[in-house]
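See structure below.
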Amino acid sequence: MSQTQRQAVVEAVRDAPIDLGGELEPLRLEFEALLASRPVPADVVAVPIEWGPVCGLRISTGATVAGRTVLFVHGGGFVVGSAVGAIGLASAVGGAAGAESIAVDYRLAPEHPFPAGLDDVVAAYTALIDSGTPASSIAIAGESAGGNLVLATLVALRDRGLPLPACAVVMSPFVDLTLETSSRSGRAQLDPALSTSALRRRISEYLGDTDPHHPLASPLLANLRGLPPLLVQVGSYEVLLDDALELARKAAHADVDVALEVTAGVPHVFQTRAAVLDEAREAIESVGRFIDRHTQRQ
């Protein structure tokens, strides 16, 4: 693939006026404005839905075929982001899988610290099940902090004896809130999007007094045995690289069917750059194939 494309994406991320470690209210506005500036295909339709107190968007595209659902969990360091902002990536993932996507508007920290966001994702999933959607037709996917919530949701569902989705996808997952994985320093000069100081600030707001070693806060530390097939995608320029590598290793040791895809020379959640980056399009196509392989249409 094109080194020029990859470098252009890295520079675009580096030049974007987004500092995840910045003051919260300006950050929220800037984050939503950035996501809103990215074009969404004309065939994407998003309809608001509610599951009791939990809200979200039901998203379809021209490629959507009834009978398969992707529950999508946005990122944003647990403190920014929304279902509306996730329409682009959620619709791309759903379209690649020939599925409808449901983007969850989970509660954000610091107003709603751990485990509020996790509780909302679990509630959205169980509402899908209660509505008659079979678990075998559901995939759950998320990026960055959303990847944390995806993995924690799987662990919580398993521990409660609830039916698990057919498979899960995590992109650039932020699954170790102890900040003990080694790539944080080794990739600091390469990563144009994240820094350890920014992550530390957002972790503090999300966890409050909760120990970051709690297995539902840092699901990398949880027992992963019994989880459904898992696809992990990450870019080699990320400070979160070792979160992904260690997650794949631990999942394999827990006898989870796991696939790891590391794309060289690309930044955090590079999949959002499919309009200008061949590797991003290929990564989303890979997600679609993975979901198609592991889910059944109801």
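The values are calculated or read from the model by the stated rules, or taken from the named source; none is laboratory data. Quick caveat: nothing in here was measured; it's all calculated off a predicted structure. Methodologically, a virtual Cβ is constructed for each residue, glycine included, from the backbone with ideal geometry; neighbour enumeration extends over all protein chains shown. When the accessible area is computed, the model is the full protein with side chains, heavy atoms only, and any ligands, DNA or RNA have been set aside. Shrake-Rupley method; radii C 1.70, N 1.55, O 1.52, S 1.80 Å.
Exposure here means at most 14 other Cβ atoms within 10 Å; with trypsin sites (Lys or Arg not before Pro) in a DSSP loop as sites, the longest stretch of the chain lacking them is 1-159. Neighbours of L35, meaning other residues whose beta-carbon lies under 13 angstrom from its beta-carbon, give a summed charge of 0 when Lys and Arg score +1 and Asp and Glu score -1. Nonpolar atom fraction for the stretch 142-298, defined as the carbon and sulfur part of the 1.4 Å probe accessible area, stands at 48 percent. Quick check: from the Cα gyration tensor, does the stretch 3-60 come out rounded (a/c under 1.5), prolate or oblate? Since a/c reaches 1.5 but b/c is at least a/b, the shape of the stretch 3-60 is classed as oblate.
Each part reduced to its alpha carbon centroid, the stretch 235-298 and the stretch 149-224 end up 16 Å apart. Rounded to the nearest 5, the antiparallel percentage of DSSP beta bridges internal to the chain is 35%. Which shape class, rounded, prolate or oblate, goes with the stretch 117-267 when its Cα gyration tensor gives a ≥ b ≥ c as root eigenvalues, a/c under 1.5 marks rounded, and past that a/b bigger than b/c marks prolate? Verdict is prolate for the stretch 117-267. In the chain, the alpha-carbon atoms span a convex hull of 116 Å³ per residue.
Ordered by 1.4 Å accessible area with all protein chains kept, D191, D278 run largest first as D278, D191. Structure remark: mean-square fluctuation, Gaussian network model of the chain, C-alpha springs under 10 Å; the largest value among E23, E50, E246 belongs to E23.
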